[in-house]
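The values are calculated or read from the model by the stated rules, or taken from the named source; none is laboratory data. Predicted, not measured: the structure shown is a model, and the values here were computed from it. Methodologically, a virtual Cβ is constructed for each residue, glycine included, from the backbone with ideal geometry; neighbour enumeration extends over all protein chains shown. Surface areas here come from the heavy atoms of the whole protein model, side chains and all, with no ligands, DNA or RNA. Shrake-Rupley method; radii C 1.70, N 1.55, O 1.52, S 1.80 Å.
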Amino acid sequence: MSDELENRLRRANPVATDATVHPADGPGAAILRRTVMSTDDEMLTGSRSGAEPPLWRRPVVLGVAGAAAAAAVVITVVAVTSDDAVVPTAATTVTYDLGGSGTVMGSCVPFADLEPIAGAAALAGTVVSIDGDIDGDLVVLEVDRWYASGDADRVALRGTPETVSLDGVEFVVGEEYLVTAADGVVQPCGMSGPASPELEQAYDQWYG
Amino acid sequence: MDVSRQASTARADRFDAVFAEVYEPLQRYLRRRCRPDDVEDLVADVLLVVWRRLEDVPADLALPWCYGVARRCVANRARTASRALRLVQRLAGERQPEPPPLVGDPALGRAISALSPIDQEIVRLWAWEGLAPRDIAAALGLTPNAVSIRLHRAKSKLAAELGKEGRGAGHQPGEAPSGAQSAPRTTDATTGGEGST
């Protein structure tokens, strides 16, 4: 089946591998090359699509812990608009890293064998925004409930291009997630994920 | 020639080399995932990032690295669409422009859509760009081991989905779909292809 599937996938390729494109040694490429090389960083910052404003809805794969990072608590001014009026209010935000690589899929212990991490922060929160550019992603959750070690109003989860996926767990604006973080890094392998009765029960047992 | 001029020349030479390597396959990558009108702009976006971050471009994985940048540029392009479009996308739960439909194989399209977005991209990079797991890992920021595991699972899932469809509609898995392109590539995707390094 594997060969058949592979052939079928390739037959369905919307653009053949040898499809004609603008050649790298053509005049158009030469103009583009010169234009790019004459563009300085300041211009890049203002023009490249990677610097565009935040997205509203973008799933981001939950990262695997591994990179050392410290949580940072900051004060954030939240702009609330109503009838075009901007009313600034203060909200505390704590930032955790989604981490880099380090845990290989399949090495997680079974969910039933998970144990709470001493001193870890644990919370339930609803995703209110997902921002990102080519350098990484920032997921902001409004905290619905702190289970342990925290009292901030919001939690920001920062990912990097090197973020390793964890079984396709994704963030979606408007949905609730349970997050455990230790030493400023979100804990994967079943410790964090979309809210579910099973995970909520576990959090109650671990941190209640 | 002074030192700074030498460094500038070396940087330009390096960019020329990366440009020559990625310019054509990058166009195909984007044509597979975006509307034709967006391809030229997105190619330029990616190459601007290459120029800005040239020191970060891995010497032996330049093309996969560029695919990774392109993937993010495509996602960013979707965000900057009109407010109305964003609202529609939000309601529809989409995050990227609708890619071109698979050629003549709607059953396969449905099966791929059932995969997670990251697994969809792994399958495409493997089957269409011809990347090996190591290269896919570089493009997506995963470990090669994770890519291999995900790819294996994704293929099993696709086979199962297509098997179900085939049993339901009398279409056998692997049967040549109507309207399919001519002969498939013969290059082994696990060892080489358009994007192999």
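Inside region A:113-131, residues that are assigned to a strand (DSSP E or B), of a type in the set (A, V, I, L, M, F, W, C) and under 14 Å from A:E200 (Cα atoms) make up a count of 3.
Taken over region A:98-128, residues that are open to solvent by less than 40 Å² (accessible area, probe 1.4 Å) and at pLDDT 60 or above amount to 11.
In region B:8-20, the condition of being surrounded by fewer than 12 Cβ atoms within 10 Å (Cβ to Cβ) and not in a helix (DSSP H, G or I) is met by no residue. Residues that are open to solvent by 40 Å² or more (accessible area, probe 1.4 Å), part of a loop (DSSP other than H, G, I, E, B) and either among the β-branched types (V, I, T) or facing chain B (nearest Cβ under 7 Å) (or both) within region A:2-22 comprise A:T20, A:H22, listed in sequence order.
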